[in-house]
Amino acid sequence: MGHDCSADETIWDDAYALDRAHVFHSWHAQRNLHPTEVVTGHGVWLNYADGREMLDFTSQQVNVNIGYQHPAVVEGIKQQAELLATIGPDYANLARGRAASLVARRAPQGFDKVFFTNAGADANENAMRAARLVTGRDKILSSYRCYHGNTGAAISATGDWRRKPNDYARGHVHFFTPYLYRSEFFATTQEEECERALTHLEHVIQFEGPDTIAAVLLESIPGTAGIIIPPKDYFKGVREITRKYGILMITDEVMAGFGRTGFWFALDDYDYTPDIITFAKGCNSGYVPAGGVIMSDPVAKYFDDVVFPGGLTYSGHPLAMGAIVATQEAMEREHIVDNAHNVGQDVLGPGLQALAEHHPTVGEVRGKGVFWAVELVADRTTKEPLDDASMQRIVAEADKLNLVLGVHNNRIHVTPPCVISAEEAAEGVARLDKAMTAAGC
């Protein structure tokens with residue numbers, strides 16, 4: 001048996017040809033796909049196969065927080081591979097224990113147990129599973145403007161278009177969260193937006209039936225949906241409502257966690273404590289796939305005598321755990337979270353805000369740390385989104401300037417690695433300015 005791939009010998013050193021022959025890519029129609037070949041990277045820079053060095057303003061899937069090829073993380077993976085390359089989740093392992101300790105110490109008091117997963121999607125899957133088991137209820141409430149992953153329940157909890165062809169999980173209800181620039185509540189101030197969004201949420205809970213709802217699942221800062229910064233008191237209000245009705249609160253820190261917003265966790269800036277926290281991406285910057293669920297003590301204690309029916313073969317994989325330990329230690333030692341905070345406050349924020357002076361297409365700039373969105377519009381009065389063709393021209397012009405941009409609908413997401421220097425950030429903003437001018441935007 002077997003498949004004849006002998007022809008591949010002629011293209012064995014051609015990454016692009018092998019990709020087109022055999023790799024099936026996510027979120028794309030395959031026929032006209034032309035992926036860029038990346039050879040290596042360092043810090044905030046990527047080296048393309050055509051010889052260009054590119055300033056990365058995306059961190060890929062907004063996960064390379066510590067930058068490319070950080071020597072401490074590479075060394076941590078090497079050391080763990082030499083010691084023990086793999087072991088199942090049933091065993092105790094020093095790297096796994098250390099990783100859990102380092103993750104837990106970033107959570108609020110009373111969060112001592114970490115359940116490891118392979119990514120953010122299955123972290124959210126298991127958080128919802130835990131909430132349903134603890135409460136004995138079925139429904140999960142989440143925002144229309146969110147993204148929680150592409151596995152069964154996680155994609156159903158997601159609000160964007162990817163939910164619709166994948167919506168097979170039961171018990172998911174969506175509601176609107178604050179977004180003053182495009183308010184669903186006819187608000188004119190952040191205070192009005194916050195108050196009306198909370199009233200809306202409580203009404204949804206009342207109409208759905210509190211005794212049917214296991215948890216409210218929210219990103220601390222919605223990322224893929226637009227890097228939408230919630231009003232300061234919104235999560236406090238959600239926490240009060242969930243406690244009022246005996247509903248658990250899950251905070252998704254998959255994208256925003258581990259320095260992205262200039263805080264270890266984005267929730268640190270909002271003065272509230274959920275019941276469950278999910279994480280992934282920045283915990284080890286994607287060097288080896290990893291994620292997890294941090295459970296508050298009451299949630300964790302429920303499973304002292306009840307089996308938790310979750311987990312996968314590679315949950316808590318030692319190479320991923322070694323990468324977490326090395327990443328967390330390096331981030332603390334090198335003050336990388338502080339760097340993200342300062343670069344956002346001193347360079348990215350002011351620099352991106354200044355784009356509005358030169359480009360009438362800039363409708364709103366929002367963000368914190370190294371987590372920013374520039375929302376582009378055809379008309380500032382009507383807020384009509386800028387068309388796809390214009391957005392793609394900006395990306396193409398940025399590529400000519402050796403700048404990698406992330407575009408989501410009518411938004412440019414500026415999310416470089418947390419290690420970016422002030423000089424590199426300023427250079428990136430300058431290139432973005434030139435790209436927008438060249439694109440006629």
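Looking at 153, 123, 92, can you tell me which residue is in contact (Cβ under 8 Å) with a residue 40 or more places away in the chain and either under 14 Å from residue 254 (Cα atoms) or not hydroxyl-bearing (Ser, Thr, Tyr) (or both)?
123
Restricting to region 400-429, count the residues that are small (Gly, Ala, Ser) and either closer than 15 Å to residue 361 by Cβ or free of Cβ contacts under 8 Å to residues at least 24 places away in the same chain (or both).
Counting residues in region 400-429 that are small (Gly, Ala, Ser) and either closer than 15 Å to residue 361 by Cβ or free of Cβ contacts under 8 Å to residues at least 24 places away in the same chain (or both) gives 0.
Hey, residue 357 hits all of (1) among the charged types (D, E, K, R); (2) in contact (Cβ under 8 Å) with a residue 24 or more places away in the chain; (3) closer than 18 Å to residue 430 by Cβ but one; which does it fall short on?
Condition not satisfied by residue 357: (2).
Among the numbered conditions (1) open to solvent by 20 Å² or more (accessible area, probe 1.4 Å); (2) assigned to a strand (DSSP E or B); (3) within 30 Å of residue 406 (Cα to Cα), tell me where residue 115 comes up short.
The one condition residue 115 does not meet is (3).
Check whether at least one residue in region 51-59 is assigned to a strand (DSSP E or B), in contact (Cβ under 8 Å) with a residue 60 or more places away in the chain, on the phi > 0 side of the Ramachandran plot and not assigned by the TED database to the domain that holds residue 281, and report yes or no.
No, every residue in region 51-59 fails to be assigned to a strand (DSSP E or B), in contact (Cβ under 8 Å) with a residue 60 or more places away in the chain, on the phi > 0 side of the Ramachandran plot and not assigned by the TED database to the domain that holds residue 281.
For region 1-25, which residues satisfy the criterion of being under 24 Å from the mean Cα position of the chain (by Cα) and either in contact (Cβ under 8 Å) with a residue 24 or more places away in the chain or under 26 Å from residue 402 (Cβ atoms) (or both)?
Of everything in region 1-25, just one residue is under 24 Å from the mean Cα position of the chain (by Cα) and either in contact (Cβ under 8 Å) with a residue 24 or more places away in the chain or under 26 Å from residue 402 (Cβ atoms) (or both), namely 25.
What are the residues in region 119-137 that are hydrophobic (A, V, I, L, M, F, W, C) and either in contact with a helix residue (DSSP H, G or I) (Cβ under 9 Å, 6 or more places away or on another chain) or modelled with pLDDT under 95 (or both), if any?
119, 121, 123, 128, 130, 131, 133, 134
Does residue 423 satisfy the criteria of being acidic (Asp, Glu), touching a helix residue (DSSP H, G or I) at 6+ places or on another chain (Cβ under 6 Å) and surrounded by fewer than 22 Cβ atoms within 10 Å (Cβ to Cβ)?
Judged against the criteria, residue 423 is not a match.
Only one of (1) modelled with pLDDT of 95 or more; (2) touching a strand residue (DSSP E or B) at 6+ places or on another chain (Cβ under 9 Å); (3) not hydrophobic (A, V, I, L, M, F, W, C) fails for residue 339. Which number is that?
Residue 339 satisfies all of (1) modelled with pLDDT of 95 or more; (2) touching a strand residue (DSSP E or B) at 6+ places or on another chain (Cβ under 9 Å); (3) not hydrophobic (A, V, I, L, M, F, W, C) except (2).
Only one of these conditions is not met by residue 21: (1) out of contact with any Phe, Trp or Tyr (no Cβ under 8 Å at 6 or more places or on another chain); (2) in a loop (DSSP other than H, G, I, E, B); (3) surrounded by 12 or more Cβ atoms within 10 Å (Cβ to Cβ). Which number is it?
Among (1) out of contact with any Phe, Trp or Tyr (no Cβ under 8 Å at 6 or more places or on another chain); (2) in a loop (DSSP other than H, G, I, E, B); (3) surrounded by 12 or more Cβ atoms within 10 Å (Cβ to Cβ), residue 21 violates only (2).
Among the residues of region 60-85, how many are open to solvent by less than 80 Å² (accessible area, probe 1.4 Å) and outside any helix (DSSP H, G or I)?
Qualifying residue count for the region: 9.
The values are calculated or read from the model by the stated rules, or taken from the named source; none is laboratory data. This is a predicted model, so every value here is computed, not measured. Here the Cβ is made from the backbone with ideal geometry for all residues, glycine too, and neighbour counts use every protein chain on show. SASA here: full protein model, heavy atoms, side chains in, ligands and nucleic acids out. Shrake-Rupley method; radii C 1.70, N 1.55, O 1.52, S 1.80 Å.
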